[in-house]
Amino acid sequence: MVSETDALVRILVAAALGAVLGFERELRDKPAGLRTHMLVAEGAALFMVGSILPTQEFGHSGDSVSIDTTRIASTIVAGIGFLGGGAILQTKDRVKGITTAAGIWVAAAIGLLAGAGFFVVAIGGTVIALLTLLLLVLPERWLSASDTGQYHISHNDRKRNRPEGPD
């Protein structure tokens, strides 16, 4: 049984874990930083807790009512794509913001896990995401043709390789 105090702890843990990811994004001066990641994780936890508490209150065995707490979680996964999509920008031959969008998506998952009370998994996911953001910067730069950390779009290469003259 989750009390309202337990629910509040879950939400605070989610916000703190979101802050860890957001702090790294803030240090790199990315568009979605500390506050965005905190709010995404907190919001996901609020929705998760908000689906657990009514289930406890109204979903007693023997009732004809069937409440599925995973339905709210699944809509968060779909809905968070809109925020992530807003973080992605395309210019000429580059796409920016994909890592930030992925970070927002991960922050939502961490918030869901913390909201459900799976603190070890939420903390582990945060550590893995943070290590990914911090440790893979150098290999990514080494592998990329550009030192900006942006990705090239290959479909624009067709325009440059087209023979000149009448078709």
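The values are calculated or read from the model by the stated rules, or taken from the named source; none is laboratory data. No experiment lies behind these values; they were computed from the predicted model shown. Here the Cβ positions follow ideal geometry from the backbone for every residue, glycine too, while neighbour counts run over all protein chains shown.
Results, tabulated for the structure shown:
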| item | result |
| --- | --- |
| Among residues of segment 19-55, those that are under 20 Å from GLY124 (Cβ atoms) and of a type in the set (Lys, Arg), counted | 1 |
| The listed residue being in contact with a Ser or Thr (Cβ under 9 Å, 6 or more places away or on another chain) and surrounded by fewer than 16 Cβ atoms within 10 Å (Cβ to Cβ), out of ASP29, ASP68, ASP6 | ASP68 |
| Tally of residues being closer than 23 Å to SER74 by Cβ and either part of a loop (DSSP other than H, G, I, E, B) or in contact with a Leu (Cβ under 7 Å, 6 or more places away or on another chain) (or both) across segment 1-39 | 6 |
| Residue selected from segment 1-18 under the condition small (Gly, Ala, Ser) and within 13 Å of ILE123 (Cβ to Cβ), by the criterion farthest from the chain's Cα centre (by Cα) | ALA16 |
| Helices (runs of 4 or more DSSP H) completely within segment 60-167 that count 3 or more residues being out of contact with any strand residue (DSSP E or B) (no Cβ under 6 Å at 6 or more places or on another chain) and modelled with pLDDT under 75 | 137-143, 157-161 |
